[in-house]
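A.B. asks: Okay, handing you the structure first.
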Amino acid sequence: MSGRNKILLALLVLVMLAVGAYIGTNIITEPRLRWLNPSAAQAHLQGKLLAVEAFLKKQTPGTPVKKWRQWQGAWKRGDDSGGDILLWLESTRMATEDDYDTLLDWVAEGHHVVLPLPDEYRDAGAEDEEEDVGGMSEAAYRNMLKAYLGIELADAAKNTAAAAEVQSACRAAAQTRQQAATVVKRSVDAEGAENRLQRCHQQANRIRLPEGRTLVWYGGDEPQVFKPAAGTTPLWQGEGAGGSHILRLPYGEGTVLLVTSMQAFWPPEEPQWDESNLNLFDHAYLSAYLAADKSAVWLVRELGSKDENPPAPAWWRLWQSQPLLMISLALLLAAGVWHVAVRMGARRLLPAAQERDLSEHLRAQGRFESQNRVRGGQLAWMQQQLWQQWQQQWPHWPQMSAQERLDTVCRYSGLPPSVVKIWLEPLPAQPTRKDWLHYLRTHRRLMRMGRGVKQG
């Protein structure tokens with residue numbers, strides 16, 4: 001290593017030592033009294049139905065509990081042949097009308113679902129009929145809710161004349177928050193506590209179960225309530241001063257439990273600041289009641305198949321949190337690349353490329369001709385593979401017309417006709433390279449989609 005390189009390397013080491021000294025001297029350590037809440041971090045990573053999962057595994061150990069990221073994954077890969085299943089949906093933020101159609105068709109087969117309102121209703125109310133609600137417009141969502149379930153949305157009333165059971169439960173929840181504040185030595189504003197109590201009286205619901213027991217359910221301060229349309233008879237629904245925030249109604253052979261918010265089933269806060277979560281009121285009892293006698297419980301984080309806000313890359317999050325560390329690593333990497341890239345020794349000129357003779361040209365032409373003939377045979381084999389798969393899925397395939405075959409494959413695979421049609425027609429004897437690559441791509445898509453297709 002030359003003297004110049006040694007000097008540059010020494011300067012780089014000094015810069016890194018200076019950065020490390022700066023970080024070390026700016027780290028402040030002081031005693032703090034903080035209430036640790038490990039469940040909050042777990043809920044962020046595993047979903048807000050983490051408490052429901054833990055509670056049901058302990059309460060009903062014989063009932064399997066499965067978790068899914070999206071409803072489409074649970075519907076395609078989940079085994080629902082063992083009996084009625086209880087499905088919990090954490091969010092419907094990005095759901096489309098097709099997602100609701102698929103979900104309700106599945107419920108009609110004899111399953112059950114806990115279905116919350118989209119987040120946009122709870123944030124902004126229903127003032128703008130054209131505002132998008134997740135993957136569909138607000139007007140379309142209202143029409144879907146009324147047409148399929150016979151339920152309308154209305155503004156919550158301002159009445160606070162709550163039933164005796166609701167008032168008693170609200171006072172018990174207020175005492176729980178007061179005890180939590182005492183533990184962490186935090187003062188509670190008397191006026192704020194009274195306002196929370198009045199909101200609880202207005203928003204909490206009394207539920208009279210068909211078995212004769214009365215529960216109290218409170219999902220937080222929500223501007224919308226459910227109103228059954230004419231001719232709709234719920235199995236049971238919440239009764240409250242502000243309106244009904246929860247109701248259960250039959251749908252086909254199954255049931256749908258509508259809630260204005262899933263906050264009542266969220267993990268308990270420590271200390272108890274929130275007004276509603278799983279360990280308050282009768283939320284835990286209601287969870288066990290819904291899961292009773294079910295063959296399985298599915299916990300799904302998102303009904304929609306799209307993610308509105310994908311997470312940022314890990315390197316970008318690290319850059320935002322530790323910029324000095326990232327700069328130091330970048331300088332070190334640049335110095336290493338620069339050191340490795342230094343040319344050692346004399347330059348060597350490569351010889352000029354020699355002209356190819358006639359024999360090389362003939363061999364290349366022969367390889368090209370053989371590859372074209374092989375491609376034609378491979379395409380025929382790939383088409384035969386697809387036709388065999390379709391004949392297994394649809395036994396009446398030989399009796400279908402060409403248009404019926406095209407419509408059937410497109411409908412069950414979800415692929416456009418341009419992808420499917422080329423495999424239903426005669427293949428070219430000698431495909432070009434462009435056609436060969438196109439056939440490969442479409443064959444891969446059809447085989448991949450065919451694994452998740454239900455047989456018709």
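A.B. asks: Using the number of other C-beta atoms within 10 angstrom as an exposure proxy, rank S187, S328, S287 with the fewest first.
C.D. replies: S187, S328, S287
A.B. asks: Within 10 Å, count the other beta carbons around each residue, average over each peptide in 319-327, 161-169, and list them highest first.
C.D. replies: Per-residue Cβ counts within 10 Å, averaged per peptide and sorted highest first, yield 161-169, 319-327.
A.B. asks: So what does the Cα-only Debye profile of segment 44-302 read at q = 0.09, 0.12, 0.15, 0.16 Å⁻¹, as log10 I(q)/I(0), no solvent term?
C.D. replies: Taking Cα atoms of segment 44-302 as identical point scatterers yields -0.40, -0.72, -1.13, -1.29.
A.B. asks: Step through the residues of segment 254-261 one at a time and calculate ³J(HN,Hα) from phi using the Karplus curve (6.51 cos²θ - 1.76 cosθ + 1.60, θ = phi - 60°), rounding each to whole Hz and writing x for Gly and Pro.
C.D. replies: x, 9, 10, 9, 8, 9, 6, 7
A.B. asks: A follow-up question, please. Would you mind checking K67/K185; K48/K146; K58/K158; K76/K158 for any pair whose Cα atoms are more than 32 angstrom apart?
C.D. replies: K67/K185; K58/K158; K76/K158
Values in this text are rule-based calculations from the coordinates and carry no lab data. Everything numeric in this text was worked out from a predicted model, so none of it was measured. We place every Cβ from the backbone using ideal geometry, glycine too, and count neighbours over all the protein chains shown.
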